[in-house]
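**Student:** Just passing along the structure, written as structure tokens.
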Amino acid sequence: MIVSPAVIALMLGSAAVGLLALYASAWGVRILRHWDLRSGSESQLQLEKRTYLVSTLMAWAFAFQVGSLFLFIFTAEDLHRLFVGAMCAAGTLNVNEFGYPTILLKVGNALLAGIWLIVNYTDNRASDYPLIRKKYAFLLVITPLLLAEAVLQGAYFAGLKANVITSCCGSLFGAEAQGPVSSLVGLPAGPMRAALIASLSITFASGLLFRSGRVRAGGLFSVSSLAAFFISIAALVSYISPYIYELPTHHCPFCILQREYSYIGYFFYASLLGGAIPGAAVGVLLPFRGIGCLQGVLPPVLRRLTFASLFLYFLFSLLVVYSISFSALIVEMD
């Protein structure tokens, strides 16, 4: 195992988040079974007091969970110098079989944690906590995933040994890539460009319609914003990254995190995650707009979420246009 401050922070942080999630889930089960705001019993008062503590702890834990995704990527990038053959985080993650499953699970958990934070914020703004059962039921779904992430991440870091020979990003994300990655690398540039433009256009159009008062557009906006996240990730690998590297055979999604490329990868990924979380949260919250105590709370929250998602996807779009426009590479569309 390689020990560094970032590795220690990730290991301790994941363990703490997992333990807090277990603690919160235990109280969540009691809340699901016994919560009754109309009751003045001692057990109800205890639940009300405890939920303040649990919600606060999980808000901090999930905020760390979202941030830990970027800390994990930074750590994998920083450690690549220790492994023979590794040129970026792609090689570090390929040192053992736990690297890529860990980062995929961290991406999923970051999305879920961000959505839970928004649901929790909305519930706390209402007078009688109308979403309390739903947010704790949601927490019960997230907790096993957080525990699985802590186990996978621990196994990944425990299996890291310096001077291990690993694959470079050229063999993993190059034109001759094999395995699951090859399906992304081999996606034709023309259809990927069309899919990216279509997904972002639908997201912007439906988001603007929703903000203008077309409630029915909210569901389409939420679905399209989440679809745009995954399509954009695929487009980064298959279509956009060669423009940044000015090399048609280089599709690595991690080299763009390096100084040579002005760390632009962090801006790409932060804008995408920041656009997907509030966009998806709109779809989660929309079904509850008819609840009485939320009728004055939800509309401004939904408008702010929509604006945040649109703004960050617009920022991503600007980064894509900038990367392509100022690149010396010319790609012939299929």
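Readers should treat all values here as calculations from the given coordinates under stated rules, not as data from a laboratory. Bear in mind the structure is a predicted one, so any value in this text is a computation, not a measurement. Positions of Cβ are generated from backbone atoms using ideal geometry, with glycine treated the same way; all protein chains shown enter the neighbour counts.
**Student:** Might you report the magnitude of the Cβ-based charge dipole of region 240-334 about its Cα centre, with Lys and Arg at +1 and Asp and Glu at -1, to the nearest 20 debye? Walk me through the intermediate numbers first.
**Tutor:** On the way: 4 positive and 4 negative charges, 129 e Å.
Roughly 620 debye, rounded to the nearest 20.
**Student:** Assigning unit charges at the beta carbon (Lys, Arg +1; Asp, Glu -1) and nothing else, what dipole magnitude in debye, to the nearest 20, does region 1-167 show about its Cα centre? Could you put the intermediate results ahead of the total?
**Tutor:** Numbers: 12 positive and 9 negative charges, 61 e Å.
In total the dipole reaches around 300 debye.
**Student:** Sum up the charges of everything whose Cβ sits under 13 Å from the Cβ of Ser206, counting Lys and Arg as +1 and Asp and Glu as -1, but leave Ser206 out.
**Tutor:** Local charge sum for Ser206: +3.
**Student:** For the charge dipole of the chain, defined by +1 on Lys and Arg C-beta atoms and -1 on Asp and Glu C-beta atoms about the Cα centroid, which residue among Val223, Gly279, Val54 has the Cα displaced farthest towards the positive pole?
**Tutor:** Toward the positive end, the furthest listed residue is Val54.
**Student:** Could you let me know the centre-to-centre spacing of region 100-130 and region 2-79, using Cα atoms, in angstrom?
**Tutor:** Value for the Cα centre distance between the two parts: 11 Å.
**Student:** Ignoring everything except DSSP H segments at least 4 long, calculate the 222 nm mean residue ellipticity for the chain; use -39,500 (n - 2.57) per segment, divide by total residues, nearest 500. Numbers along the way, then the final one.
**Tutor:** Values: 12 runs with 234 residues, N = 334.
My calculation for the chain gives -24000 deg cm²/dmol from helical runs alone.
**Student:** Follow-up. Please work out the Kirkwood hydrodynamic radius for region 175-334, using every pair of different C-alpha atoms, and report it in angstroms with one decimal place. Don't skip to the end; give the middle numbers.
**Tutor:** Working: mean 1/r = 0.0602 Å⁻¹.
Mean inverse Cα-Cα distance, inverted, gives 16.6 Å.
**Student:** Towards the positive end of the charge dipole of the chain, with charges on Cβ (+1 Lys, Arg; -1 Asp, Glu), say which of Val66, Phe157, Tyr243 has the farthest Cα.
**Tutor:** Val66
**Student:** Less than 12 Å Cβ to Cβ from Thr122, Lys/Arg counted +1 and Asp/Glu -1: what total charge do the surrounding residues give? Write out the running numbers ahead of the final one.
**Tutor:** Numbers: positive: Arg125, Lys134, Lys135, Arg289, Arg304; negative: Asp123.
Counting the neighbours of Thr122, the net charge comes to +4.
**Student:** Relative contact order for the chain: what percent, with Cα pairs under 8 Å and sequence separation of 6 or more? All intermediate terms of the calculation are to be shown ahead of the outcome.
**Tutor:** Details: 448 pairs, mean separation 62.5, N = 334.
Taking the mean separation of contacting Cα pairs over the length of the chain, I get 19 percent.
**Student:** Next question, about the same structure. Quick one: P(r) of region 242-334 from all Cα-Cα pairs, 10 Å bins, percents rounded to integers, in order of increasing distance.
**Tutor:** Taking every Cα pair in region 242-334, the percentages come to 15, 34, 23, 16, 10, 2.
**Student:** Provide His34, His250, His80 in ascending order of the number of other Cβ atoms located within 10 Å of each residue's Cβ, fewest first.
**Tutor:** Working: His34 13, His250 18, His80 22.
In increasing order of surrounding Cβ atoms, one gets His34, His250, His80.
**Student:** Tally Lys and Arg at +1 and Asp and Glu at -1 over the other residues with C-beta under 12 Å from the C-beta of Leu69: what net charge comes out? If you can, show how the numbers build up before the last one.
**Tutor:** Numbers: positive: Lys106; negative: Glu149.
My count for the surroundings of Leu69 gives 0.
**Student:** Given 20 °C and 1.002 mPa s, compute D for the chain with the Stokes-Einstein relation, Rh being the Kirkwood radius over Cα pairs; round to the nearest whole µm²/s. Let's see the in-between values first.
**Tutor:** On the way: Rh = 21.4 Å.
It diffuses with D of about 100 µm²/s by this estimate.
**Student:** If we restrict to alpha carbons, what Rg and Dmax does region 81-139 come to, in Å?
**Tutor:** In order Rg, Dmax, the Cα atoms of region 81-139 give 18.6, 58 Å.
**Student:** Then there is this: Which residue fluctuates the most in the chain, going by a Gaussian network model with Cα springs under 10 Å, if the choices are Gln153, Gln44, Gln65?
**Tutor:** Gln44
**Student:** What range in the chain is the longest one free of trypsin sites (Lys or Arg not before Pro) that are in a loop by DSSP and have at most 15 other Cβ atoms within 10 angstrom?
**Tutor:** 39-160
**Student:** Can you count the Lys pairs in the chain whose Cα atoms are under 29 Å apart, with each pair 8 or more apart or on different chains?
**Tutor:** Number of lysine pairs found: 5.
**Student:** Only four residue types carry charge here, +1 at the Cβ of Lys and Arg and -1 at the Cβ of Asp and Glu. Report the dipole size of region 175-334 about the Cα centre in Debye, rounded to the nearest 20. Don't skip to the end; give the middle numbers.
**Tutor:** Details: 8 positive and 5 negative charges, 196 e Å.
With only Lys, Arg, Asp and Glu charged at Cβ, the dipole is about 940 debye.
**Student:** Hey, another quick one. Taking 4 °C and 1.567 mPa s as the conditions, I'd like the Stokes-Einstein D for region 34-151 in µm²/s, using the Kirkwood hydrodynamic radius from alpha carbon pairs.
**Tutor:** Numbers: Rh = 16.4 Å.
It diffuses with D of about 79 µm²/s by this estimate.
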